Amino acid sequence: MAFSVLVAEDEQPIAESLSFLMEKAGLDVRVAYDGPSTISAAQTALPDLVLLDLMIPGCDGFEVLSRLRELPGGQDLRVLILTAKGREIDRRKAADLGVDAYMTKPFSTREVVQRVQSLLAASGA
C-alpha cells in the first residue's frame, strides 16, 4: 500500500506540480485548495503526510495545523510546511505546533520529494 499525501496549496500551478511529483514518487495524492477543505479531507481519511502552505485561504496554515493535530492520529501526522513565509517567528510558531520540516518558496522540487520520502521512511507508517 502506498503512502498517502495531502497537498494543501491554493496556487493551482504549484498544487498540480506537487501532486504530479508525489504521484511520480509512487504516493497516493489528494489536493485541497483552502484551509477548511484541508481539514475536511484529513478528517475523511487521515493522510500519512501533509504538504502545507501557511498562506492558504479560509484559515491560515497555523490554524489548519493545530486542527489537524486534534484529529484522532493527528499527533503522529507528518507535516512539511512549504511557504513564502521565511521569518524566524513563523518557523518558531510552526515548530511549536510540531511540524516535521519547513521549506521556503521557491524550493527545489527534487529536494521536496527527497524530504517527503525521508519523513515517510522515518515515520515507519
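Enumerate the residues in the range 64-88 having an amide nitrogen under 11 Å from the point lying 7 Å beyond the Cα of K105 toward its Cβ.
82-85
Residue by residue, what Karplus-based ³J(HN,Hα) values in Hz, rounded to whole numbers, does the range 22-30 have, using 6.51, -1.76 and 1.60 with θ = phi - 60° and x for Gly and Pro?
Here the 3J(HN,Hα) series is 5, 5, 4, 7, x, 9, 7, 10, 10 Hz.
Excluding residues on the same chain fewer than 8 positions from K24, give the aspartates and glutamates whose Cα lies under 18 Å from its Cα.
E16, D48, E111
Once you charge only the Cβ atoms, +1 for Lys and Arg and -1 for Asp and Glu, what is the size of the charge dipole of the range 4-123 about its Cα centre, to the nearest 20 debye?
320 debye
Collect residues whose amide H, placed 1.01 Å from N in the peptide plane, falls under 5 Å from the amide H of V79; neighbours closer than 5 in sequence don't count.
V50, D100, A101
For Rg/Rh (Cα atoms, Kirkwood Rh), which listed value, (1) 0.98; (2) 0.96; (3) 0.91, comes from the coordinates shown?
Checked against the structure: label (3).
Just subtract the alpha-carbon distance of V113 and K93 from 0.36 nm times their residue separation and send over the number in nm, one decimal.
4.8 nm
Whole Å is fine, so just give me how far the alpha carbon centre of the range 1-15 lies from that of the range 53-98.
15 Å
Below 8 Å between Cα atoms, with a sequence gap of 6+, how large is the relative contact order for the range 4-123 in percent?
The value is 24 percent.
For the range 87-96, take each phi angle, set θ = phi - 60°, evaluate the Karplus expression 6.51 cos²θ - 1.76 cosθ + 1.60, and give the result in whole Hz per residue in order, putting x for glycine and proline.
Those phi angles translate into 5, 4, 4, 5, 4, 5, 4, 5, 4, 4 Hz.
Arrange the peptides 32-39, 115-122 so that the one whose residues have, on average, the most other Cβ atoms within 10 Å appears first.
Highest to lowest by the protection proxy: 32-39, 115-122.
Just from its helices, what would the mean residue ellipticity at 222 nm be for the chain, if runs of 4 or more DSSP H residues each count -39500 (n - 2.57) and the sum is divided by every residue, rounded to the nearest 500 deg cm²/dmol?
After summing the helix terms and dividing by the residues of the chain, the value is -14000 deg cm²/dmol.
If the reach is capped at under 13 angstrom between alpha carbons, list the aspartates and glutamates near K93, excluding any in the same chain fewer than eight residues apart.
D60, E63
Apply the Karplus parameterisation 6.51 cos²θ - 1.76 cosθ + 1.60, with θ equal to phi minus 60°, to every residue of the range 50-57 and state each ³J(HN,Hα) to the nearest whole Hz, in sequence, with x for glycine and proline.
Per residue, the Karplus-derived 3J(HN,Hα) values read 10, 8, 10, 7, 6, 9, 9, x Hz.
None of the figures in this text is laboratory data; all of them are computed from the coordinates on show. All of these numbers come straight from a predicted model, not from anything done at the bench. Because the Cβ atoms are built from the backbone with ideal geometry, glycine has one as well, and the counts that use them run over all protein chains shown.
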